[in-house]
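> After the structure tokens below, expect a handful of questions from me.
Derivation of every value follows stated rules applied to the coordinates shown; laboratory data play no part. The structure presented is a predicted model; accordingly, all values stated were derived computationally and were not measured. Here Cβ is always computed from backbone atoms with ideal geometry, including for glycine, and neighbour counts include all displayed protein chains.
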Amino acid sequence: MSADDFIVTPWHVEGDIDYDKLIKQFGTEKISSELLERIKKITGEDHFMLRRGIFFSHRELTRILDEYEKGNKFFLYTGRGPSGHTHIGHLVPWMFAKWLQDKFDVNMYFQLTDDEKFYSKPNLTLEETKKFAYENALDFIALGFNPEKTKIIINTKNIKTLYPIAAEVAKKINFSNTKATFGFTNETNIGMIFYTSLQSAPCFIEDKPVLIPLGVDQDPHFRLTRDIAPKIGKQKPALIHNIMIPSLEGPGGKMSASDEKGTIYTTDSPSEVKNKINKHAFSGGQPDIEQHRKLGGNPDIDVSYQYLRIFFEPDDAKLKIIHEDYKSGKLLSGELKAILIEKINSFLAIHQENRKKAKNQIEQFLFEDK
Ligand code: TRP
């Protein structure tokens, strides 16, 4: 793989991603300024993740809005492969989904794919992925979704509901489709080969249009779902994609839940957050203070700055000052890290409280098979 190459699939992300190229490769649509205006007009708010291009691409979001304006409601769907504890990068599409739920007052489904992570991770048992599914559900609930309108689906638990839908889907996807989409080989286990039909199933759980906020690495599954939807008499799911969240150790690759050092978990203590960022957060600063003052830092590659931009500093005016001061050399890397540490720790203090409360709410959120 050469320096300007990159790979984006659900199970493997590598290299420095060029998002305009990715849009072309995947055949999605860039979120245009007209579309941004339209969303702003409907929701009455200019969400910073849209404004800053954290959500940068979509498939048929305009159709969802057309229908909504005609009075036809859609529902939301997203999910998580429970391969470990939740890290802060996972919260990006979930927080955005929560905003969408508030603005549009719609139903939301959250799928926990304990089966998928059992199939795809050689070292995880089904017991472990089930345990992480429960842990991840707490983080999801902690974000404040409407308990009346939100259901959590756990694949191994809710298979009774999912299976008949998955069977409809599976019959229309052949091996050469999945092979071409995911690069499967003869050695790939057959759980993986069937898996897309389970991730597709929640798209058709209600007879309404669905909008899926998701990391762009998950797009290939829904490309297949969209292809087969008309063949089973269903509407194609619409998607809105977020960029991959960099790991602490730098750009190129998403934050991975299996790499302890490069990851901030929602369960980390304030001192763990502080140590991880100080030790591991990739810096765009100069090697020493003298040079930094003279030459300034590079916020574009600085992970601490990027976390502020993506998530932790929604205020544009404040972010701009940080950007300028870092670039000019006025703000040192250590000072920038200190800003981020403070932001993450105050977020986590509240999140961890809500996560505790979620233990008493979980029953209410779990989907019940009929
Ligand atoms: N496969 C996803 C993951 O590994 C989990 C998932 C299931 C998902 N359904 C989804 C992600 C719908 C986005 C949208 O994390």
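> Spelling out what I want: for every residue of region 111-123, take phi, set θ = phi - 60°, compute 6.51 cos²θ - 1.76 cosθ + 1.60 (Karplus), and round to whole Hz; glycine and proline get x.
Couplings: 9, 9, 9, 4, 5, 4, 6, 5, 5, 8, 10, x, 9 Hz.
> Which whole-number percent gives the relative contact order of the chain, counting Cα pairs below 8 Å spaced six or more residues apart?
Once normalised by length, the contact order is 20 percent.
> Need one number for the chain: average projected area of the convex hull over its C-alpha atoms, nm².
Dividing the Cα hull surface by four gives the mean projection, 18.9 nm².
> I would also like to ask the following. Near Gln286, within a Cβ-to-Cβ distance under 15 Å, what is the net charge of the other residues, with Lys and Arg +1 and Asp and Glu -1?
It works out to a net charge of -1.
> Let me ask you something else. Within a Cβ distance under 12 Å of Gly53, other residues only, what is the Lys/Arg minus Asp/Glu net charge?
Charge balance near Gly53 sits at +3.
> What angle, in degrees between 0 and 90 and rounded to the nearest 10, separates the Cα long axis of helix 91-104 from the longest principal axis of the Cα atoms of the chain?
60
> Under 5 Å between amide H atoms, partner at least 5 residues away or on a different chain: which partners does Gly284 have, H built in plane at 1.01 Å?
Asn298, Asp302, Val303
> Another question, if that's okay. Consider all pairwise Cα distances in region 36-191 and report the whole-number % of them above 29 Å.
29
> Using packing as a proxy for protection, rank 331-338, 213-220 so that the peptide with the highest average count of other Cβ atoms within 10 Å comes first.
In decreasing order of mean packing, 331-338, 213-220 become 213-220, 331-338.
> Given the peptides 238-244, 361-367, 281-287, arrange them by the average over their residues of other C-beta atoms within 10 Å, most packed first.
238-244, 281-287, 361-367
> When the Karplus curve 6.51 cos²θ - 1.76 cosθ + 1.60 is applied with θ = phi - 60°, which whole-Hz ³J(HN,Hα) does each residue of region 132-145 get, with x for Gly and Pro?
5, 4, 5, 4, 5, 4, 4, 5, 5, 4, 4, 6, x, 4
> Let me ask you something else. Just to confirm a number: summing +1 for Lys and Arg and -1 for Asp and Glu over residues other than Ala142 whose beta-carbon lies under 14 angstrom from that of Ala142, what do you get?
Value of the local net charge: +3.
> Now for a different question. Distance between the C-alpha centers of region 209-246 and region 28-50? Whole Å please.
Centre-to-centre distance over Cα atoms comes out at 19 Å.
> Spelling out what I want: for every residue of region 210-227, take phi, set θ = phi - 60°, compute 6.51 cos²θ - 1.76 cosθ + 1.60 (Karplus), and round to whole Hz; glycine and proline get x.
10, 10, 10, x, 7, x, 4, 5, 8, 4, x, 4, 7, 4, 5, 4, 5, 4
> How large is the direction-averaged shadow of the alpha-carbon convex hull of region 286-359, in nm²?
For region 286-359, averaging the hull's shadow over all directions gives 5.3 nm².
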